[in-house]
Amino acid sequence: MGLKAWLSKPYAALVIWQMSKWKHNALSAQETTFLNLIKSAKFTHFGKDHHFNKINNYQDYKNSVPIRDYEDLKPYMDRVVNGEENVLWPGKPLYFAKTSGTTSGVKYIPISKESMPYHIAGAKNALLCYIHETGKADFLNGKMIFLQGSPVLENKNGIAFGRLSGIVAHHVPQYLQQNRLPSHEVNCIDDWEKKVDAIVEETINENMTLISGIPPWCQMYFDKLSAQANKKIKDIFPNFKLFVHGGVNYEPYRAKMMESIGFDIDSIETYPASEGFIAFQDSQKDKSLLLLVDGGIFYEFIPVDEYFNENPTRLNLAEIELNKNYAIILSTNAGLWAYSIGDTVKFVSKNPYKILVTGRVKHFISAFGEHVIAEEVEFALMSVAKEIGAEITEFTVAPQITPTEGGLPFHEWFVEFSKTPEDLESFRLKVDSALQQKNIYYKDLIKGNILQPLILRNLRANAFIDFMRQEGKLGGQNKVPRLANDRKIADKLKKFIQ
């Protein structure tokens, strides 16, 4: 066992002990976080505008601070981006994380000197939990790769900005730098396909032990490695021990990833966002994620079925129910206040508070009042695929309200298989039945002859990679939306149908 691996075990034990202080005292940790946030921002422009000096409890906060998304907060954000101080948080941000917006174009999410350490600690502590639970630490002695955006940062009014993963690359602990790949030169390549090709050349003969990234782009890396070496990943990297992933639900990718790797490797799911590091998988014994209640973020939750109401119910952590879908709302030590990040979660435990990420607020289908969500379509597709031995590369679903061929409307599923079902018609009907079991409103529409069972479009190989390339969104932190209530994506995918 190398020195790093040996030292990591007592360090992991110390960190786990420190985590236990808030892990089982989450409500107290959230109350402390809330009061510290209000106190810290009391004299900012936002704090003055929203009477932070009169806020003493959560009810006061709800009365003073409305729920906002980026577009709603943009008047304040623009002032921060223009270089004004003390707008949303004391001083100026340390960085801006640049993300793609919908109606507002590019979004600049502030990262403060207070919030930056939590972005780093979240990933580090996920690894330490794994080491403490399993006793496995040898991966620290090999090479580690983080498939991420370019670390090249630009400047806006004296504040550096770039993709979150590129910003985080500047804060990798020094003791991991010598083990880290790709090299800075390769990491700075903008073109994603050229970058992955360069990473393959740089890593194919290395002792890779940990690989991290968003699953579809890691799959692309694995495919290129296997094609070049004509081997499975386990034979290229015999000491590959741990896969760390986040950004999308891993389950639809798991079967193909395991086929590419050649064995069922240990994995850790993380939930980082530009707005803050929210949760991570702290145990190999279950797939839920530990909510980080002591990480500079105060959480609120809105029942998903109320999200678009004028005055939705707002709940703090003490008020949530298990197994119910909520939109997650953040107030952070980077100056985001009652901010909707657009994700939905459900709680599966209260001691400690653990969640599953179930989708996106705006990623649903409700053309007929069915309100089908990502969790439901992912379950329906993957449960049937597992049952019959099919493998899914990627998929998305959209409503077809006015079929050109006539007949009843339907949900149109665009699926790229890595292992296609022998009987696509049987597969289609089984998936539709599984979705009916998950969503009673959808079932009623089918039984009532308002909708016909779903229509499945079998896409050719690499359809989604080609689509993302066409959209200028290949690689990095870009993801294919699994659900849309319109046909903007669906209509562009028609040309990829087999």
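The values are calculated or read from the model by the stated rules, or taken from the named source; none is laboratory data. Predicted model, so just to flag it, every value in this text is computed and none were measured. Every residue, glycine as well, gets a Cβ built from its backbone with ideal geometry; the counts of neighbours run over all protein chains shown. For accessibility, only protein heavy atoms count, side chains too; no ligands or nucleic acids. Shrake-Rupley method; radii C 1.70, N 1.55, O 1.52, S 1.80 Å.
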task: Answer yes if at least one residue in the range 73-93 is under 23 Å from V168 (Cα atoms) and free of Cβ contacts under 8 Å to residues at least 40 places away in the same chain, and no otherwise.
output: yes
- prompt: So, in the range 328-372, of the ones that are among the polar types (S, T, N, Q) and more than 19 Å from the chain's Cα centre (by Cα), which residue ends up nearest to S28 (Cα to Cα)?
  reply: N351
- request: Determine whether the range 120-129 contains at least one residue that is in a strand (DSSP E or B) and surrounded by fewer than 19 Cβ atoms within 10 Å (Cβ to Cβ).
  value: no
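Rundown of residues vs (1) at positive phi; (2) in a helix (DSSP H, G or I); (3) of a type in the set (V, I, T); (4) open to solvent by less than 30 Å² (accessible area, probe 1.4 Å), yes/no style:
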residue	(1), (2), (3), (4)
K231	no, no, no, no
D235	no, yes, no, no
F240	no, no, no, yes
V244	no, no, yes, yes
R254	no, yes, no, no
E259	no, yes, no, no
D264	no, no, no, no
Y271	no, no, no, yes
task: Scan the range 147-169 and report the pairs whose first residue is over 16 Å from G475 (Cα atoms) and whose second residue is open to solvent by 20 Å² or more (accessible area, probe 1.4 Å) and of a type in the set (K, R), with Cβ atoms within less than 9 Å and a gap of 6+ or a chain change.
output: E154/K98; N157/K92; G158/K92; I159/K92; F161/K98; A169/R180
message: Going through K48, K21, K42 one at a time, which residue ends up being surrounded by fewer than 18 Cβ atoms within 10 Å (Cβ to Cβ), at negative phi and not in a helix (DSSP H, G or I)?
response: K42
- request: Considering only the range 66-92, state which residues are part of a loop (DSSP other than H, G, I, E, B) and over 26 Å from the mean Cα position of the chain (by Cα).
  value: N82, G83, E84, E85, N86, V87, P90, G91, K92
- prompt: When only residues in the range 414-435 that are open to solvent by 20 Å² or more (accessible area, probe 1.4 Å) and touching a helix residue (DSSP H, G or I) at 6+ places or on another chain (Cβ under 6 Å) count, which is farthest from I489 (Cα to Cα)?
  reply: K430
message: What's the total number of residues in the range 174-228 that are in a strand (DSSP E or B) and in contact with a helix residue (DSSP H, G or I) (Cβ under 6 Å, 6 or more places away or on another chain)?
response: 3
Where a residue in the range 432-453 is closer than 20 Å to D305 by Cβ and its partner, wherever it lies, is of a type in the set (S, T, N, Q) and open to solvent by less than 50 Å² (accessible area, probe 1.4 Å), with Cβ under 8 Å and at least six apart: Y442/Q436; K443/Q436
- line: A careful count of residues in the range 373-428 that are of a type outside the set (D, E, K, R) and under 26 Å from E259 (Cβ atoms) gives 27
- line: Among the residues of the range 380-390, the number that are crowded, with 20+ Cβ neighbours inside 10 Å and either in contact with a Lys or Arg (Cβ under 7 Å, 6 or more places away or on another chain) or farther than 21 Å from D343 by Cβ (or both) is 4
